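Okay, structure first, notes after.
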């Protein structure tokens, strides 16, 4: 998704958003022909998103596996269970709707950090760093933004092996993830990216009303500035990783695949990526993983592979050596 598409979609969603704090006694699950819905204050009933069902189960302490079993096999029992526990509780919740759908069932302490505000705040700061949006992603539960600099460039192995500094921004409007700003590098020679979680900064969607909005967006801008300023640390970390040699690359890759529970297809893609550029060191393995990320069918799996490559780079020497033992 390009930046303009993301902005247009977020602007379209803006008037469809509805937030409401409610007592548990004001909430009721009702069974309709199209499935269970959530009724607010005895009035409107809203479709419940898949992710919101999970939050309801967690908030009222119904085991998730049992909740989903009732949802698919005995919806009447699900409605009875949910309403029984809602009536027994004396809690307040924060309900987030989008159009005719309840998309989040949250604690009343939840603090809203909307995607559009995050995006505009980030764009204002990025302008001062000569950075551009490389790619965007928007799902029911999160927004991701890949950013790369126009000026932060350096080489790792040789002058033709350039990397470009950047960041990766994540936000959720449904309480599934915190606002995060992470360093990301883009390798020019094979167009693969790597997210280095070791230097992550984050803010959580909970706080007080006093100056909260001002604090959170100042913090976002500060995080962007900080991560761009630490590009030199990333370059040094990557160069050091070339000095950690690997005796058995196939074994290391196999151990990484097992540890992160990757599929056989992902294993094959990593091995093929390594074969295309066989560098027997820590960076060589990490690059094979992030290069294989380009073959993933979904954005989420591709990003996870970029994270795994970054985790490998940040892994202490002894732990990495154990993968080769």
Of everything in segment 149-179 that's surrounded by fewer than 19 Cβ atoms within 10 Å (Cβ to Cβ) and under 18 Å from the mean Cα position of the chain (by Cα), which residue is farthest from residue 242 (Cα to Cα)? 176
Where in segment 216-325 are the helices (runs of 4 or more DSSP H), entirely inside, with at least 1 residues that are in contact (Cβ under 8 Å) with a residue 40 or more places away in the chain? 231-241, 249-259, 282-292, 299-314, 317-323
Going through segment 113-133 one residue at a time, which ones are surrounded by fewer than 17 Cβ atoms within 10 Å (Cβ to Cβ) and touching a strand residue (DSSP E or B) at 6+ places or on another chain (Cβ under 7 Å)? 130, 132
State all residues of segment 1-37 that are over 27 Å from the mean Cα position of the chain (by Cα) and closer than 18 Å to residue 91 by Cβ; if no residue qualifies, say none. 22, 23, 24, 25, 26, 27, 28, 29
Take the residues in segment 98-152 that are in a strand (DSSP E or B) and free of Cβ contacts under 8 Å to residues at least 24 places away in the same chain; name whichever of them is nearest to residue 302 (Cα to Cα). 132
Would you say residue 261 is under 21 Å from residue 193 (Cβ atoms), within 24 Å of the chain's Cα centre (by Cα) and outside the structural domain of residue 195 (by TED's automatic domain parsing)? no
Report yes if some residue within segment 160-167 is under 18 Å from residue 287 (Cα atoms) and either at pLDDT below 90 or not in a strand (DSSP E or B) (or both); otherwise report no. yes
Name the helices (runs of 4 or more DSSP H) wholly inside segment 1-90 in which the number of residues that are over 22 Å from residue 176 (Cβ atoms) and either at pLDDT below 95 or not assigned by TED's automatic domain parsing to the domain that holds residue 299 (or both) is 3 or more. 3-13, 64-73, 75-88
Restrict the check to segment 220-239 and report whether at least one residue is farther than 26 Å from residue 165 by Cα and surrounded by fewer than 16 Cβ atoms within 10 Å (Cβ to Cβ). no
Among the candidates 47, 87, single out the residue that is farther than 22 Å from residue 136 by Cβ and surrounded by fewer than 17 Cβ atoms within 10 Å (Cβ to Cβ). 87
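The values are calculated or read from the model by the stated rules, or taken from the named source; none is laboratory data. This structure is a prediction, so every number in the text was calculated from the model and none was measured. Positions of Cβ are generated from backbone atoms using ideal geometry, with glycine treated the same way; all protein chains shown enter the neighbour counts.
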